[in-house]
Amino acid sequence: MDGGGEMASFVLRRFISMVITLWLIVTVTFFLMHTIPGSPFQRDGRESNETVIQNLMAHYHLDQPLSVQYILYLKSLVGLDLGPSISHYPDTVNNMIARGFPVSFQLGMAALLFAIVSGIALGTVAALRHNKIIDYAAMVFAVIGIAVPNFIVATVLIKYVAVEWKLFPVASWGTWKHIVLPALALATGPLALIARMTRANMIEVLNQDYIETAKAKGLSPAVIVCKHALRNAVLPVVTLLGALLANVLTGSFVIEKIFAVPGMGKYFVDGINNRDYAVIMGTTVFYSALLVFLMFLVDVAYGIIDPRIKLHKREG
């Protein structure tokens, strides 16, 4: 089979695997969600009319056997219909995602861009100053960034940067200034992870023979680092981009709630509090599909970018 045929076969297998993975996520989430005690029509201990509840259950097909509900949901999902919201009727989950996701995506991309640029820079500097004070300081920061939850970072940023120093606003949305603090809070973990990986890869690459050859040819340190070493050192980071993007998007739920960002986090948290099955399922399915699709793209792109990797090895 030629190279084009191998790539087509590889992409097809990855696509089928992506579809199966998404179906498993939908199935597990659906049945787990229905194990949550309580009813979406009886909340906060308030008594409701039994007849009204029965009519609502029938309207949302919640009076049907669970297997029937599952089949009905799969049918609507195939038609890209995530259903009506129970707690925000007559609003639909599709409309909620259309309103909230652009905001979450904007915040997530800002956080990821900052994490990538800062993480690669920090990891590179640490590798070039290996076993020196800068290296130790960078790794201490990386460990703290991974260990400390982003909502703790958000609290610290609000207390000092927003309240005491009054550098950036909080609890509002509209300009680039409102993105800075939540983006910083979201970027801390990914930044630390990218910095650690870049440092480790860069140290390994700098000890390769072709780097010594480049030095012997008289190339400047900047050319050696930027053109030869860094290019190969950051390649493994590419495999993280899909997961990191999904991480900052889904991880923004709590951050969005803290900073009052009108994104997907608001709907997801409210959906859980209100036992709004359609919203919980819709947001979970949407972000799961996004994660699986991004991992699919990264997997394919990695096989294309690095010619040293054989497609049959990537299948393992």
Under-5 Å amide H pairs with residue 92, H placed in peptide plane, nonlocal only: 85
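Once neighbouring chains are kept in place and the probe is 1.4 Å, which whole percent of the accessible area of the chain is contributed by carbon and sulfur?
With neighbouring chains kept in place, the figure for the chain is 67 percent.
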All other residues with a Cβ under 13 Å from the Cβ of residue 69 taken together, and with Lys, Arg as +1 and Asp, Glu as -1, what is their net charge? 0
Using a 1.4 angstrom probe, figure out how much accessible area the chain has per residue, in square angstrom, rounded to the nearest whole. 54 Å²
Once you keep just the Cα pairs under 8 angstrom separated by 6 or more residues, what percentage relative contact order results for segment 101-277? 34 percent
State, to one decimal in nm, how far the label point of residue 34 lies from the label point of residue 147, with both points 7 Å from Cα in the Cβ direction. 4.4 nm
On a 0 to 90 degree scale, rounded to 10, what angle separates helix 277-305 from the longest Cα axis of the chain? 20 degrees
Once amide H atoms are built 1.01 Å from N in the peptide plane, which residues 5 or more positions from residue 39, or in another chain, come under 5 Å H to H? none
What are the ³J(HN,Hα) values, in whole Hz, obtained from phi via the Karplus relation 6.51 cos²θ - 1.76 cosθ + 1.60 with θ = phi - 60°, for each residue of segment 79-96 in sequence order, with x given for Gly and Pro? x, 6, 9, 8, x, x, 6, 6, 8, 10, 4, x, 5, 10, 5, 4, 5, 4
Report, to one decimal in Å, the Kirkwood hydrodynamic radius for segment 101-277 based on all distinct Cα pairs. 17.6 Å
When ranked by the protection proxy of mean other Cβ atoms within 10 Å per residue, highest first, what sequence do the peptides 31-39, 194-202 form? 194-202, 31-39
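Where does the chain land at 222 nm, in deg cm²/dmol rounded to the nearest 500, when only DSSP H runs of n ≥ 4 count, each adding -39500 (n - 2.57), divided by all residues? Show your work: numbers first, answer last.
Numbers: 14 runs with 221 residues, N = 316.
Computed mean residue ellipticity for the chain: -23000 deg cm²/dmol.
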Can you give the extra length, in nm with one decimal, that the chain gains between residue 212 and residue 49 once fully stretched, where that is 0.36 nm per residue apart less the Cα-Cα distance? 50.7 nm
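The values are calculated or read from the model by the stated rules, or taken from the named source; none is laboratory data. No experiment lies behind these values; they were computed from the predicted model shown. So basically every Cβ, Gly included, is an ideal-geometry build from the backbone, and we count neighbours across all protein chains shown. Each accessible area value is taken on the protein alone, full model and side chains, heavy atoms only, with ligands, DNA and RNA left out. Shrake-Rupley method; radii C 1.70, N 1.55, O 1.52, S 1.80 Å.
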